[in-house]
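Notes for the one structure printed next.
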Amino acid sequence: MAQMSRALVMPGDGTWELRELPVPDPEPGGAVLRVEAVGMCHSDVDHMHGIVHTPWGGAYPSIAGHEIVGRIHALGEGTAARWGVVEGQRVAVRESVPLPGGIRVYGHDYAIDERSGLFGGFADYMELLPETLVEPLPDDIPAAELTVWEPLAIAVRWATAVKPGDSVAILGPGHLGLASIVAARAAGAERVFITGTPADAMRLDAARKLGVEEAIDIGAADPVERIRELTGDGVHVVIDAASGSTATVTQGMQMARRGGTVVIGGLKDRKPVEGFISDLIPMRQLHLHAGFPGDHVKTSVELIRQGMVPTADLLGEVVTVDGFGDALRMLSRQLPGRDAIRLSLRMS
């Protein structure tokens, strides 16, 4: 009898359901992963509602989850030598699968009717294709804490603009914003500020614990004016990590000093930016970026290995499959009375 895997399947219509799918044998060059924990992201909520941000364009019904930590369950022929891993080893699974002419993304671009269907982290087991890239992770840190490797890799990409001694303003204290504090410090930032709404009180407190110079509640102070008060002409680098809100785009352009850099990171659900003044770009000689090239996953994992990432402080709340629905509502700020700086799903 085939071994079965629980899987949280999303049809793309705003719902999800728990199913069981057979665990496949690994193909030559590939592997099967036993998933330990998966970080939860707002893009998982978007995927549930049929909104996909990947170049491939998504596939349904499918298993979401892309901030994946697990252990190698079985290896196909030739995989151990090619990947440099052994069965039982803990790894981070990169969500992007490089293919000729582009990429596909685990947790977004594979439907359950393709091969095993187990191509997302919200399942007990996951099929890893030969093109998959993995990074070994330490064994002495809980798996749920290690799921921070993925948002941290994104934050490191954003923080590549930061030079030693720079001042940095981070807009939005979500899990990417908090990871950006760590990334900015690792890049040598001397002064780090963060902004958030009154509803972000827990996250702003977490930012203070992570050592920001000031966590600004935009309900109590104008964030642009406050940054100017604290820095004079503004900061060297603005990292817009806010999801959904377009107001941070214009705020960031006003907070950056002359010749400064604004990194547009957080996705805005494809909404137009009201009040965008392009003249600020040439007049203040601003540089707008979406991130910077490089292998930031390796950097993220190395920072964790070196003990430079306070993984316990960035953990947030860990849920099991039974709490998955509530966790999705928390991500959407639709669960009154409950909040978390970050959410992870523990599978095993």
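The ellipsoid that matches the Cα gyration tensor of the range 192-348 has semi-axes, each √(5λ) in whole angstrom, of 30, 19, 17, with the longest given first. Only helices enter this figure: runs of n ≥ 4 DSSP H residues, each worth -39500 (n - 2.57), summed and divided by the residues of the chain, yield -6500 deg cm²/dmol at 222 nm to the nearest 500.
For His289, the residues 5 or more places off, or on other chains, whose built amide H falls under 5 Å of its own are Val262, Val263, Ile264.
Along the axis of the charge dipole computed for the chain (Cβ charges of +1 for Lys and Arg, -1 for Asp and Glu, origin at the Cα centre), the listed residues Met10, Ser96, Ile112 are led at the positive end by Ser96. Our summary gives the range 162-207 a relative contact order of 47 percent, counting only alpha carbon pairs under 8 angstrom and 6 or more residues apart. About the centre of its Cα atoms, the chain shows a dipole size close to 700 debye [charges on the beta carbon of Lys, Arg (+1) and Asp, Glu (-1) only; nearest 20 debye]. For the pair Thr320 and Met283, label points projected 7 Å from Cα toward Cβ lie 5.8 nm apart. Take the alpha carbon atoms of the range 13-168, find their radius of gyration, then divide it by 2.2 N^0.38 Å using N residues; give the quotient. For the range 13-168, the normalised Cα radius of gyration is 1.07. Convex hull volume per residue, computed on the Cα atoms of the chain, equals 135 Å³. Counting every alpha-carbon pair across the range 251-299, the share separated by more than 17 Å comes to 45%. Once the mean of 1/r is taken over each pair of separate Cα atoms and inverted, the range 48-101 shows a Kirkwood hydrodynamic radius of 13.7 Å. His108 exposes around 10 Å² of accessible area when a 1.4 Å probe is run over every protein chain in place.
Relative contact order of the range 154-252, taken over Cα pairs closer than 8 Å and 6 or more residues apart, is 33 percent.
Between Pro136, Pro24, Pro100, find the one with the highest GNM mean-square fluctuation for the chain; connect C-alpha pairs within less than 10 Å. Of the options given, Pro100 has the highest mean-square fluctuation. Springs join every pair of Cα atoms under 10 Å in this Gaussian network model of the chain, and among Thr15, Thr160, Thr311 the largest mean-square fluctuation is at Thr15. Beta-bridge orientation, the chain: approximately 60 percent antiparallel, per DSSP, counting only bridges with both partners inside. Selection among Ser348, Ala80, Pro198 by position relative to the dipole of the chain gives Pro198 as farthest towards the positive end (Cβ unit charges, Cα centre).
With a 1.4 Å probe rolled over the protein heavy atoms of all chains, the accessible area of Val182, Val273 falls in the order Val273, Val182, largest first. A straight chain from Trp56 to Ser245 at 0.36 nm per residue would run longer than the Cα-Cα distance by 65.5 nm. Once the Kirkwood radius over Cα pairs is known for the range 301-348, the Stokes-Einstein relation at 20 °C and 1.002 mPa s delivers a diffusion coefficient of 178 µm²/s. Taking all protein chains as shown and a probe of 1.4 angstrom, Arg346 keeps an accessible surface of around 110 Å². Take the alpha-carbon centre of the range 234-278, take the same for the range 178-204, and report the distance between them in whole Å. After rounding, the separation between the Cα centres reads 15 Å. Mean sequence separation of contacting Cα pairs (under 8 Å, at least six apart), scaled by the length of the chain, corresponds to a relative contact order of 17 percent.
These residues, Met283, Met4, go from largest to smallest accessible area, 1.4 Å probe, as Met283, Met4.
The values are calculated or read from the model by the stated rules, or taken from the named source; none is laboratory data. Computed from a prediction, not measured in an experiment: that's the story for all the values here. FYI the Cβ positions are ideal-geometry reconstructions off the backbone, even for glycines, and counts take in every protein chain you see. Surface areas here come from the heavy atoms of the whole protein model, side chains and all, with no ligands, DNA or RNA. Shrake-Rupley method; radii C 1.70, N 1.55, O 1.52, S 1.80 Å.
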